[in-house]
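Single-structure report; data block below.
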Amino acid sequence: MRSDRPAPPAPAVRRPVSRLLPVAIAAAALVLAGVPGAAALPTAPAAGSAVTAPVLTGEQLAASWTGPLSTRGRYVVDAKGDRFRLKSANWAGAQGTWEGSGAADLPENNQADQVSSNIPLGLDRVPMAKLMADFHGLGINSIRLPFANAMIHDTTPVPDRAVTANPQLRGRTPLQVFDAVVAALTADGFAVVLNNHTTSYRFCCGLDGNERWNSGQSTQQWIDDWLFLVKRYQANKRVVGADLRNEVRRDTWDDPNWGWGNDKDLYKAFEDAGNAILQADPDLLVVMEGINWQGIPQGMFSHGRPMLTPVRNLSNSLITSGKLVYAAHFYGYTGPNHTGASGGWQNGETNDPRYQDLSPDELVKVVDNQALFVTEAGQHFTAPVWISEFGAAGRGSDNAKEKDWFARFTGILANNDSDFAFWPLVGWADATGKPNDSWALLSYDATGKRTGLQDGGDWRIDGWNKLLDAPGRTGLVPPVDHWNMVDLDFDNQNLSATMRRQADWSVGNRKGNCPDGQRLTALARSNNRGLCTDAGEPGKADSTWTTVVDERYVTHGDWASGYNKLQCPDNTFAVGYSVNGNAMAALLCAPAAKPLPLTGRNAWFDHGDNRPATGGSVNSDWAPGAYKGQCADNEYLAGIAYTWRWQHGGVPDALLCRPLA
C-alpha cells in the first residue's frame, strides 16, 4: 500500500484520502498522518503503448518455471536452479478498501471510491479468465496478493454485486473467493506470494490499527493465521512465498524495533513466524520487509524510515537456508525521513527531502543504503531484495517531479537486475475510461472495458518496459555458500531442525545453534553473537550430538595454557554454543561423517578482531563494537578458550580452528 499518499483521481469530484488527524491529537500520534488531494487530471501526454517484453500465455508461463522457489545468493531460483526474477504486481483488495468511517459499502468511504468487498478488485466487472489474460499482457510472472487477517475469520458471504462478472463465486466468503483467485492465478502459471497486509479490513496506513503484526491481535494469533494459510495452500507449489507483514510502523505511542527482544521487536517476530512457517512447509520463500517508519515526524524528534538498514548488522537466520527474501517499498512522494504527508507539521509533514527531491547520485546511494546493499555476495545478510511496492500516478498526471523520480528509480532497478512488484495492479474506471486510481496498471469500467498501461496515453510505459527488458542473470544459478548470524542478545536462537526436536541441551543458559547443514565458524567477544557457514561443510554422521561443559575433550596438548577451554571431541565440529550473561557456558558439537584433521591454530581476539582477510562475510560487521574471531572458510571451529582472570568475565578470547581437509 502507498502509505499516506495523495488520493488518486476520482471520476468526478476530487476527494482527499480521509487520513488527516485532528491537530488536537498528541504529537506522538502524528506519525504517517495527513494526505492531500491530487490535482485534477490534465490531458494525457503522448506515450508509447506497447509492452515490448515477450507476452506469454498461461500455458507458456507455466512451462517456463517449476516450483517451489528458493534463493541462491541474491537470486530467486526455481526448483531446477534457474533464475526466476520476480516481475510482479500487487493485486490489492482482500486487505480491504474501507477508510475507517461511514458505511463500508459506500464508494465515498473507500479508497479511491473503490469498494473491494474485501476480495481482490475487479471481480465485479471482469471475468477471471479475462483478468488472467490482461495480467499476462503486462509481461508479469508473479502476483503479490495482499490479505487482512480479518479475511481468514470472516464467515459472511460477499455480496453478489462484488462478483457480478464471476457469478460462480456467489455465496462464497472472502476467504473462499481468495481461494478461487489463488487457484486461477496458479493454474495460469503465475507465482503467488501471499502478503499479510493488515489485521483489519481498514485501509490504509498511518494510525489505522494495522501498524504492527500484533496490532489488534496477539503475535501468536498472527503466526497461527499464517500457519492456517500455509497449510491451506501447501499442495500448490505455485504459491511460492509468505510475505510476513506490510509496512510495520509506529503506532500512537511506540516504535517497532529491530532486535530489542520485546513485543515490538520486528526482527524476532519475523524470525519466529518464518521458522514456524518453514517447519510447516519447508518449500516456501519467507519475505521480510524492514521497518517502514520510526519516530515522531517533527523536527525536534528523531524520525525516519529505516527499511533494511538494520540488516547490515543484524540479519535474520532461518532453519532452512536459501528461503529468505528481503523486501522494501519506495514511493517518490515519501523519503528517507519524510512520511509522505503534506499540509504542515500538524499532518505529520517534515522539512526532510522526499525521494523525488534527491539528486540522481543521492537517490542511487539512498536506495542502496536502505535496500539493495543486501544483494552483496558472500555476507551474513546476502539475500534477494524484492522491491515489493513502488509506483506512480499514470495517465493524466502532470507531476514532473514524480515522473522524473519514476524514470530514475526504474533505471536503478533495471541496472541492478532487481526483483519488483508494482502497486497496484487493478483499479476501477468511470464510463469514460478515467481511472479512479490512476496508479493502477489496469482499470476497468462497470462493463469491464479496460483502460490499461498498454492501451496508450500512459507515460509509465517507458519505465515499465525498461524494467521488463533489462538485461540480467538468466538460466542456471550455481549453489552458493551461506553465512548466517546467531544472536543471543536477549533470547535463545534455535536454528537447527534437529535440535528443535531434542530436549534442552544447556538448561538455564541462553543458547543458539546453526541451521542444519551449517557449522559455527565465528564468535564475538562480549555480545553473544556468532556466525555459521556451510562453506566446505563436512557431512554429519547419524549419531548423537555432544554438549561440552568442561575440558574432558581437550586432547593433543593444551592449546591455550591458563585458560578455560570448551573443546569438541575428536572428529566433531562446533554447531552451537550457550552463554550465561556474557560468559561461555557450553559448546554443542556434531559428529562428522569422516575423520577430521586434529591439528590446528589459535585465533586470539581478546585485543582486536582476528578474521580472515578474504572469505565469507568479512566485508560486513555482524557484531558492532565487539571483537570478533573467525575461522577461515576451509577450517572448522573445534574449541573456545576463555578466562575469568584479568576481569575478562568468561567471554570468549580465542578459537581453535582446524582444517577441514
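The values are calculated or read from the model by the stated rules, or taken from the named source; none is laboratory data. Keep in mind that this is a model prediction, so the values were computed, not measured. Virtual Cβ from ideal backbone geometry, glycine too; neighbours counted across all protein chains shown. Note: areas computed on protein heavy atoms with side chains; ligands, DNA, RNA excluded. Shrake-Rupley method; radii C 1.70, N 1.55, O 1.52, S 1.80 Å.
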_Convex hull per residue volume in Å³, alpha carbons only, for the range 564-624_ = 143
*Rg (Å, one decimal) plus Dmax (Å, integer) for the alpha carbons of the range 445-490?*
21.7, 58
*Using a probe of 1.4 angstrom, how much of the accessible area of the chain is carbon and sulfur, in percent?*
52
*Can you pull the percent of Cα pairs in the range 421-515 with separation above 21 Å?*
62
*Residue farthest toward the positive end of the dipole of the range 206-306, with Cβ of Lys/Arg at +1 and Asp/Glu at -1: which of Leu284, His303, Ser218?*
Leu284
*Between the range 98-145 and the range 375-426, what's the alpha-carbon centroid distance in Å?*
22
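Ranked from the most accessible area to the least, with a 1.4 Å probe and all protein chains present, what is the order of Thr451, Thr57?
In descending accessible area the options line up as Thr57, Thr451.
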*Could you give the accessible area per residue of the chain, probe 1.4 Å, as a whole number in Å²?*
34
*Calculate I(q)/I(0) for the range 215-337 by the Debye formula, one identical point scatterer on each C-alpha and no solvent, and give its log10 at q = 0.14, 0.18, 0.23 Å⁻¹ to two decimals.*
-0.63, -0.98, -1.40
*Count charges around Tyr201 for me, please; just the other residues with Cβ under 11 Å from its Cβ, Lys/Arg as +1, Asp/Glu as -1.*
-2
*Whole-angstrom Cα spans of the range 146-220 along principal axes, big to small*: 36, 29, 23
_Listed candidates [x] 47, 26, 23; [y] 40, 32, 24; [z] 45, 33, 24 - label of the one calculated as semi-axes √(5λ) of the Cα gyration tensor in Å_ = [x]
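Compute and list, largest first, the equivalent-ellipsoid semi-axes of the range 524-648 from the alpha carbon gyration tensor, each √(5λ) rounded to a whole angstrom.
Its equivalent ellipsoid spans semi-axes of 22, 19, 14 Å.
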*May I ask for the Rg/Rh ratio of the range 314-406, computed from Cα atoms with Rh as the Kirkwood radius, given to two decimals?*
1.06
*How many Å³ per residue does the convex hull of the Cα positions in the range 365-495 occupy?*
186
*Report the dimensions of the range 63-165 along its three principal axes from the alpha-carbon atoms, largest first, rounded to Å.*
50, 27, 25
*Calculated P(r) tail over 22 Å for the range 165-269, as whole % of Cα pairs*: 42
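Once you have the Cα-Cα distance between Ala133 and Asn351, take 0.36 nm times their residue separation minus that, and quote the gain in nm to one decimal.
Additional length available on full extension: 74.0 nm.
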*What does the range 111-179 give for Rg and for Dmax, in Å, if only its C-alpha atoms count?*
12.4, 35
*When DSSP assigns beta bridges and you keep just the ones with both residues in the chain, what percent turn out antiparallel, to the nearest 5?*
60
*For Trp604, what is the net charge nearby, where nearby means another residue's Cβ is under 11 Å from its Cβ and Lys, Arg count +1, Asp, Glu -1?*
-1
